[in-house]
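Working notes, beginning with the structure itself.
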Amino acid sequence: MNIQVRHDNHIEGGARLIEYVNQRLTQEFDRQHDRITHFEVHFSDENSAKHGDHEKKCMIEARAGGLKPIAVTCKNDTIEQAFDGAIEKLHHALEHQIARNSGSKHNDLKHQEVELD
């Protein structure tokens, strides 16, 4: 599983952030490790120097064998909260896509993406 971490120049990134993201994604998506081939995670600060609510943004794109790439976004007050929200959304999106491709009924077919404010 390949994991790329990117961030804009308003986010402090480094080895600690990369290690944290790698550990969390590996742990969270352990069940799908044989399907998911690539993650791309991008952190940004929407308001840069200004302070406000929900200014940190996390976008995660996952590529899984046999599926179209799936991308989710979450905005929140901190990088960690935005990352957690994006992980939660990605779990739902992957489950939905896998169920859809396998032709089985999925209990969450009425699930809608909701931006966490």
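Remarks
- Taking first residues from the stretch 1-19 that are within 24 Å of residue 36 (Cβ to Cβ) and modelled with pLDDT of 85 or more and partners that are part of a helix (DSSP H, G or I) and of a type outside the set (Gly, Ala, Ser), the Cβ contacts under 6 Å between residues at least 6 apart in sequence or on separate chains come to 3/22; 3/25; 5/18; 5/21.
- Residues that are more than 12 Å from residue 1 (Cβ to Cβ) and among the charged types (D, E, K, R) were ranked within the stretch 19-30; the one that is surrounded by the most Cβ atoms within 10 Å (Cβ to Cβ) is 24.
- Considering 62, 93, 71, the condition of being over 15 Å from residue 4 (Cα atoms), among the aliphatic types (A, V, I, L, M) and at pLDDT 90 or above is satisfied by 93 alone.
- Check on residue 82, closer than 27 Å to residue 103 by Cα and surrounded by 13 or more Cβ atoms within 10 Å (Cβ to Cβ): no
- Beta carbons closer than 6 Å, at least 6 apart along the sequence or on distinct chains, pair a first residue in the stretch 85-111 that is under 19 Å from residue 38 (Cβ atoms) and of a type in the set (Gly, Ala, Ser) with a second that is surrounded by 15 or more Cβ atoms within 10 Å (Cβ to Cβ) and modelled with pLDDT of 90 or more for 86/58; 86/60; 86/72; 86/74; 93/70; 93/72.
- Screening the stretch 52-84 for residues that are more than 17 Å from residue 17 (Cα to Cα) and in contact (Cβ under 8 Å) with a residue 60 or more places away in the chain and picking the one that is farthest from the chain's Cα centre (by Cα) gives 53.
The values are calculated or read from the model by the stated rules, or taken from the named source; none is laboratory data. A quick note: this is a predicted structure, and the numbers were derived from the prediction, not measured. Here Cβ is always computed from backbone atoms with ideal geometry, including for glycine, and neighbour counts include all displayed protein chains.
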